[in-house]
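Inspection log for the structure reproduced underneath, given as structure tokens.
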Amino acid sequence: MELLSALSLGELALSFSRVPLFPVFDLSYFIVSILYLKYEPGAVELSRRHPMASWLCAMLHCFGSYILADLLLGEPLIDYFSNNSSVLLASAVWYLIFFCPLDLFYKCVCFLPVKLIFVAMKEVVRVRKIAVGIHHAHHHYHHGWFVMIATGWVKGSGVALMSNFEQLLRGVWKPETNEILHMSFPTKASLYGAILFTLQQTRWLPVSKASLIFIFTMFMVSCKVFLTATHSHSSPFDVLEGYICPVLFGTSWGGDHHHDNHGGSHGGGGPGSPHSALPAKSKEELSEGSRKKKTKKAD
């Protein structure tokens, strides 16, 4: 901490931790979250045929983390929906992304330099939600480390951990896409971040909360911006897990790579991952492409 003070990073971290999230950062969070919903196969058709179901899916993408955290702590699941400003803002983003004439809003926010800014701002919200979630759980369970970690994890992971339920609202059932089985980078990072913030909250990690928020946010922003800019589905943890996990859990362990919130799985390239998964993935892509062609011809 003396080094941070010498570099004036302590004051910077404190000021950064006090920056309000609403409306600018929350707006970015909603935009990126609902963009990922629109990327899902059939999401656009669902919005035309069943707009209410599409809106509910969008709200889950935006507020799913709050619903899961309330469920864990025994609080009303719809408590966050009393925040009228956030719900209206998220609803406006959903309408513009799906129904704006000529898809102008969607094309603007999908422009890569603009999207990277929104992605970076979303990670600011993610880290803050992890820290707030653990602080909230600490008030209920002062010595419940696992409760604090679980609450912070679901706060950071968002709708990913309840993706199967969100898929049901769209009339899709894909149990093989369970996020627990195929953890994406944000889900893993949220878990590791929840552990760090729990250690800090219980005073086992000798660093201030503001400094930890700042450092972990910079890590998340750097990783997510790089992964989004390069269209990469890998994870910075893959190399470390490739060496540690076979030692701890056996040589048959294989890492699965799963794209962030897109719902598409990709064959693992780490140690122990079967090479036979690659042709299967190619067949899935080919069949998906043929289905899209048939749909276009039917239209």
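The values are calculated or read from the model by the stated rules, or taken from the named source; none is laboratory data. Keep in mind that this is a model prediction, so the values were computed, not measured. A quick note on method: Cβ atoms are made from the backbone with ideal geometry, for glycine too, and the neighbour counts reach across all protein chains shown. Just the protein is used for accessible areas: all its heavy atoms, side chains included, with ligands, DNA and RNA removed. Shrake-Rupley method; radii C 1.70, N 1.55, O 1.52, S 1.80 Å.
Descriptive notes on the structure:
- Conditions (1) of a type outside the set (S, T, Y); (2) part of a helix (DSSP H, G or I); (3) open to solvent by 50 Å² or more (accessible area, probe 1.4 Å); number of the one not met by K129: (3)
- Residue match in segment 76-83 (condition: part of a helix (DSSP H, G or I) and within 18 Å of V24 (Cα to Cα)): no
- Options S222, S211, S235: the member that is assigned to a helix (DSSP H, G or I) and surrounded by 17 or more Cβ atoms within 10 Å (Cβ to Cβ): S211
- Test: residue in segment 24-45 that is over 20 Å from the mean Cα position of the chain (by Cα) and under 21 Å from H135 (Cβ atoms): no
- Exactly one residue among A160, A137, A189, A150 is open to solvent by 20 Å² or more (accessible area, probe 1.4 Å) and either part of a helix (DSSP H, G or I) or of a type outside the set (K, R) (or both), and that residue is A150.
- Exactly one residue out of F16, F22 is modelled with pLDDT of 90 or more and open to solvent by 60 Å² or more (accessible area, probe 1.4 Å), and it is F22.
- Leading residue by the ranking (surrounded by the fewest Cβ atoms within 10 Å (Cβ to Cβ)) among those in segment 84-111 that are polar (S, T, N, Q) and under 21 Å from the mean Cα position of the chain (by Cα): S91
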